[in-house]
Structures are given as structure tokens and as C-alpha cells.
């Protein structure tokens, strides 16, 4: 079940990035890369979970929390789900 929730949150993040023109292209690319890394791990294409992933996601929460609270909330959901999975 946590994997399904994580997939849903990653899809939601991608949708918000696609819809939001106020996010700088470099930032969109960075978040898209993080989302892709999570999807690769969820699909079993990676041997193990990346250790630095949570730290990178936490940095993104701080970056977006003021100007893009919805994106920040979705990233926080991803972090919570990953923590619940033992990452």
C-alpha cells in the first residue's frame, strides 16, 4: 500500500509541475529528476533506495514552502511515505 501512495504522490507532483508556470525551469527539471529517481526505485529498476534522496527532497520542501505550498505539501507527503517504508 505505501508504494501505491508513493506512486500517487509522485504523479500528483508531476501534475502540479506541469500546470505551474511560476516554477523556474531549472527547479522543474530538478524535481522531475527526483520524481524519476523515485519511480525507478518503485519499479524495481534500482538495486536499492538511494541514501541521499530524502535529504534532497527535504531541501526541495524548504525551497518551495513559501511560494508553492501545494508542491511543498506533495513533497512532504512523499517524504512521509518514504519514512513509513523505512527509508
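Some observations on this one:
- Report summary: the helix-based calculation at 222 nm, which adds -39500 (n - 2.57) for every DSSP H run with n ≥ 4 and divides by the residues of the chain, gives -24500 deg cm²/dmol.
- Principal-axis tilt of helix 25-42 within the chain, Cα atoms, nearest 10 degrees: 20
- Overall dimensions of the chain by Cα: Rg and Dmax, Å: 12.1, 35
- Acute angle (nearest 10 degrees) that the helix 53-64 long axis makes with the longest principal axis of the chain, alpha-carbon atoms: 20
- Using the average count of surrounding beta-carbon atoms within 10 Å as a protection proxy, the listed peptides 19-31, 73-85, 54-66, 2-14 rank, highest first, as 73-85, 2-14, 54-66, 19-31.
- The chain: angle of helix 69-84 to the longest principal axis, Cα-based, in degrees nearest 10: 10
- Residue 39 versus residue 18: modelled label distance in nm, points set 7 Å from Cα along the beta carbon direction: 1.0
- In this simple spin-label model, placing a label point 7 Å from the Cα along the Cα-to-Cβ direction at both residue 70 and residue 56 gives a separation of 2.5 nm.
Computed from the coordinates by the stated procedures, all read-outs in this text should not be read as laboratory data. Note that the structure is a prediction, hence the values are computed from the model and not measured. Here Cβ is always computed from backbone atoms with ideal geometry, including for glycine, and neighbour counts include all displayed protein chains.
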